1. Starting from the 7 Å offset along Cα-to-Cβ, what nm value, one decimal, do you get for the label separation of Ala127 and Lys25?
2. Place +1 on the Cβ of every Lys and Arg and -1 on the Cβ of every Asp and Glu in the chain, take the dipole about the Cα centre, and give the residue among Ala127, Ser30, Gly45 whose Cα lies farthest towards its positive end.
3. If I model a spin label at Ala77 and Glu98 as a point 7 Å from the Cα along the Cα→Cβ vector, what separation in nanometres do I get?
4. Could you tell me the center-to-center distance, by alpha carbons, between segment 125-185 and segment 25-85 in angstrom?
5. Taking 8 Å as the Cα distance limit and 6 or more residues as the minimum spacing, I'd like the relative contact order of segment 3-197 as a percentage.
6. Filter the cross-link list Lys22/Lys196; Lys51/Lys76; Lys51/Lys168; Lys25/Lys171; Lys10/Lys110 down to pairs whose alpha-carbon distance in this structure exceeds 21 Å.
7. What net charge is computed for the residues neighbouring Lys168, neighbours being all others with C-beta under 13 Å from the C-beta of Lys168, Lys and Arg scored +1, Asp and Glu -1?
8. To the nearest 20 Debye, how big is the dipole of segment 3-197 about its Cα centre, given +1 on the beta carbon of each Lys and Arg and -1 on that of each Asp and Glu?
Amino acid sequence: MSYAIVGFGKIGQALAHAFARKNIKVAVASRRPPEALAPQARAIGPTVVAKSLRDALEADTIILAVPFGEHREVAKALPSWKGKTVIDAMNAFPVPEELDGLPSSAFVAKSFTGAKFVKGFNHLIAATLATDPVVEGGHRVVFLSSDDEDAIAPVADLAKQLGFAPVKLGKLNEGGALVHARGRTWGQLIFQDLFKKEQ
Ligand SMILES: NC(=O)c1ccc[n+]([C@@H]2O[C@H](COP(=O)([O-])OP(=O)(O)OC[C@H]3O[C@@H](n4cnc5c(N)ncnc54)[C@H](OP(=O)(O)O)[C@@H]3O)[C@@H](O)[C@H]2O)c1
């Protein structure tokens, strides 16, 4: 599997730390050229490689860590999303446009037709997400939800490789509602920094 993080701000860098900690290669990209991101990428670790958006989108699995309203711009950068896994780490904050009555991730998924689409890594503040998820024999929980049951397993594997304990919540409008944030309306699990003990 190959991985990319689109958006190299607070959440993008927090996730880049998670990849670097485990020596897993990850491309990082934003609207700025790779040269502009490279010093920060290198500072996080040698497996974090700054790329152009176009080159980063060659990865199989792409994490969205851009401001909510920018997802459409990212979606437009590829003619087809078929075969890709997209992980939505965004929250619909501050209050954006109407979401057609959909959970924010279902709304975003409409722009990524054909992709396997999973909501995850969105419920913690960036400073927490950036820290080592393995603490005293426990693993920091990340919540995964998707309308496509098959899409979750590879993302859960990635989360485990990164040292997190993935917890599957089911569909976006069911368990996913617990990690849904829109404006000042936050699901009950948003900001809940939970740990799972080793079995
Ligand atoms: N901050 C948190 O604690 C937190 C927690 C949970 C979830 N989130 C969610 O995570 C997302 C990112 O938040 P953040 O706090 O990391 O924001 P941020 O610090 O402002 O970073 C946003 C990043 O997105 C890039 N970007 C913006 N438009 C882009 C585009 N069209 N194509 C490619 N890259 C683009 C920006 O870089 P350029 O300007 O160089 O393009 C920047 O690197 C948001 O949806 C937010 O709701 C944030």
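1. Between Ala127 and Lys25, the simple spin-label model gives 3.5 nm.
2. Gly45
3. The answer from the label model is 3.0 nm.
4. 20 Å
5. Taking the mean separation of contacting Cα pairs over the length of segment 3-197, I get 20 percent.
6. Lys51/Lys168; Lys25/Lys171; Lys10/Lys110
7. -2
8. 380 debye
Read-outs: derived from the displayed coordinates by stated rules, not from any lab. Quick caveat, the model's predicted, so the values are computed rather than measured. Counting neighbours? That spans all protein chains shown, and the Cβs are built from the backbone with ideal geometry, glycine included.
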